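Comments concern the structure below.
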Amino acid sequence: MPAISFQSVCKTYAASRGAKSPATPLKALDDVSFDIEEGEFFGLLGPNGAGKTTLISVLAGLSRATSGRVLVHGSDVQADYAKARRLLGVVPQELVFDPFFNVREALRIQSGYFGIKNNDAWIDELLESLGLADKANANMRQLSGGMKRRVLVAQALVHKPPVIVLDEPTAGVDVELRQTLWQFVAKLNKQGHTVLLTTHYLEEAEALCSRIAMLRTGQVLALASTSELLRSASSNVLRFKIDGELPPALATEARVTGRIVQLPAHGALEIERYLAAVREAGLKVEDVEIRKADLEDVFLEVMATEKGKKWQMAI
Ligand SMILES: Nc1ncnc2c1ncn2[C@@H]1O[C@H](COP(=O)(O)OP(=O)(O)OP(=O)(O)O)[C@@H](O)[C@H]1O
C-alpha cells in the first residue's frame, strides 16, 4: 500500500488571487495522480504558483479537493480525517505559532492534541536533534525566525508520524539549520519514515530525494527517479565568466547569474559557436568549463516544455 496516493486530484479556486472582477476561477491542481511508496524521500518541485502548497493542503486535509481523492496509508484524508491526520506530520511554509507558551509547553500541548501523554523522552530527543535544547523554556515570542522554524518541525514530529511532509522548510534559514534539519530528516527516513519535500533549492532536492515530481500550473510534467531525471538531460553544460552583457542571440538560451553564463552544450560545434559569438561581441571569456547537467538544468528543460505537451520523462 502506498504511503500517499494522489488520485485524479483537481482543485479549482472560485477566484484567482488578486483577480479583478469578473472573477475567473483558477485551476490550481489539474488531475494530479501519483503514489509515494513507504520509505521514499520524495521531492515535489515547481515554480511559484505551480500548486505545491495547494497539493499539500489537500493532503493535510486543510483544503478540500474539487474532485479526486488523497489516501494516506489507505485512509482517505476527507472521509477518514482523524486517522489520516495522525499518520502525517506536516511542517507548514508559514511561521504560525502560539505566542503564549514556551517551547516545551507548545510541544506538550501538541502531544495532547494527539492524545499522547508522558511524551517528554521524545520531546527531549526532538529538542536535542534540532538544536533547541537550550531554548526549551524560552517563550515562542522571543525566538528568532530560524528557531521558530525548528519548533514547527518539532511540533510536526511530536507524534512520531510515519509520513513527514515538509513545505519549503529551508526557505530563508541559515546553513547550520539546514544541515541540522537534513541530518535529522535523513535519519528519520533511514528509520523508515516516508518524506515528502517541496523546495526551491534544487541542489537540496538532488542530494536528498530518491524520486521527484515536477509540477507546473497544476499539472505533473515529469515524474521519475532523481538519477533517471539527471540521465535524461539532453546535454552537458558550458559554463564561463564574461565581463559584459551577453549578446541577445545567446541570452535566450542561457542561464545567467551575475557574470556567470551557463549554456546547454550538445557538442563541440555548438561550444565553438557560443564562444565565437561571445568573442565577436568583444567580451573577455574566463574560467571556461564543461560540466554534467544538474537537476536545475533538467528542471529548466522540463519547465520550458510547451504547454499541454508532456515532457519525455512523463508518467
Ligand atoms: N486561497 C486561494 N484562493 C485563490 N487562489 C489561490 C489560493 N491559494 C492559492 N491560489 C492560487 O493557486 C495557484 C497555486 O498556488 P500554490 O500556493 O499552491 O503554489 P506553490 O507551487 O505552492 O507556489 P510557491 O512556490 O510560490 O509557494 C496560484 O496561482 C495561487 O495564486
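Specify which residue in the list Asn189, Ile242, Val163 is farthest towards the positive end of the charge dipole of the chain, using unit charges on the beta carbon of Lys, Arg (+1) and Asp, Glu (-1), about the Cα centre.
So the residue furthest toward the plus end is Val163.
Remind me, relative contact order of the chain in percent, using alpha carbon pairs under 8 angstrom and six or more residues apart?
Taking the mean separation of contacting Cα pairs over the length of the chain, I get 19 percent.
What number comes out for accessible area per residue over the chain if the probe is 1.4 Å? Units Å², please.
50 Å²
In the range 4-230, what percent of the accessible surface is made up of carbon and sulfur (1.4 Å probe, ligands and nucleic acids excluded)?
Carbon and sulfur together cover 50 percent of it.
For helix 145-157, report the angle its Cα long axis makes with the longest principal axis of the Cα atoms of the chain; keep it between 0 and 90° and round to the nearest 10°.
The answer is roughly 60 degrees.
Along each of the three principal axes of the Cα atoms of the range 235-292, give the extent in whole Å, ordering the values from largest to smallest.
The Cα atoms of the range 235-292 stretch 25, 21, 20 Å along the principal axes, largest first.
Quick one: work out Rg over Rh on the C-alpha atoms of the range 31-172, Rh as Kirkwood radius.
Result for the range 31-172 is an Rg/Rh of 0.97.
Computed from the mean reciprocal separation of all distinct C-alpha pairs, what Kirkwood hydrodynamic radius does the range 169-296 have, in Å?
17.2 Å
Can you work out the base-10 log of I(q)/I(0) for the chain at q = 0.09, 0.10, 0.16 1/Å, using the Debye formula on its C-alpha atoms alone?
-0.56, -0.67, -1.29
Work out, step by step, the length gained on full extension between Arg141 and Ala304: first 0.36 nm times the residue separation, then minus their alpha carbon distance; give nm to one decimal.
Net length gain for the segment: 54.4 nm.
How large is log10 I(q)/I(0) at q = 0.13, 0.14, 0.29 Å⁻¹ when the Debye formula is applied to the Cα atoms of the range 47-109, each weighted equally and without solvent?
Here log10 of I(q) over I(0) equals -0.46, -0.53, -1.20.
Could you derive backbone 3J(HN,Hα) for the range 211-216 from the dihedral phi with the Karplus parameters 6.51, -1.76 and 1.60 (θ = phi - 60°), listing whole Hz in sequence and x where the residue is Gly or Pro?
Each residue of the range 211-216 in turn: 9, 9, 10, 10, 10, 9 Hz.
How far is helix 103-113 tilted off the main Cα axis of the chain, in degrees rounded to 10, range 0 to 90?
In the chain, helix 103-113 runs at an angle near 70 degrees to the longest axis.
Within the chain, what percent of beta bridges assigned by DSSP are antiparallel, to the nearest 5?
Just about 65 percent of them are antiparallel.
What residues from the range 185-222 fall in the zone where the backbone N is under 11 Å from a label point 7 Å along the Cα-to-C-beta line of Arg255?
Correct set: 202-203.
For Ala82 paired with Arg178, estimate the spin-label separation in nm (one decimal), with each label point 7 Å from Cα along the Cα-to-Cβ line.
4.2 nm
With runs of 4+ DSSP H residues as the only contributors, calculate the mean residue ellipticity of the chain at 222 nm using -39,500 (n - 2.57) per run, divided by the residue total and rounded to the nearest 500.
So the calculated ellipticity at 222 nm is -9500 deg cm²/dmol.
R0 = 35 Å: FRET efficiency of Asp98 with Ala14, Cβ-based, nearest 0.05?
Here the calculated transfer efficiency is 0.70.
Label-point separation (nm) for Lys148 and Glu270, each offset 7 Å from Cα along Cα-to-Cβ?
4.6 nm
How high is the relative contact order of the range 235-292, in percent, with contacts defined as C-alpha pairs under 8 Å that are six or more residues apart?
54 percent
Treating only the Cβ of Lys, Arg, Asp and Glu as charged (+1, +1, -1, -1), what charge dipole size does the chain show about its Cα centre? Round to the nearest 20 debye.
That gives the chain a dipole magnitude of about 920 debye.
With a/c under 1.5 counting as rounded, go ahead and sort the range 143-210 into rounded, prolate or oblate using the C-alpha gyration tensor (a ≥ b ≥ c being the square roots of the eigenvalues; past the cut-off, prolate if a/b is larger than b/c, else oblate).
Judged from the Cα gyration tensor, the range 143-210 comes out oblate (a/c at least 1.5, b/c at or above a/b).
Which one, Arg291, Arg216, Arg85, has the greatest fluctuation when you compute a Gaussian network model over the chain with C-alpha springs under 10 angstrom?
Evaluated over the chain, the most mobile residue of the options is Arg291.
The values are calculated or read from the model by the stated rules, or taken from the named source; none is laboratory data. Note that the coordinates shown come from a computational prediction; the quantities given were computed from them, not determined experimentally. Here the Cβ is made from the backbone with ideal geometry for all residues, glycine too, and neighbour counts use every protein chain on show. Note: accessible area is taken over every heavy atom of the protein model, side chains too, but ligands, DNA and RNA are not part of it. Shrake-Rupley method; radii C 1.70, N 1.55, O 1.52, S 1.80 Å.
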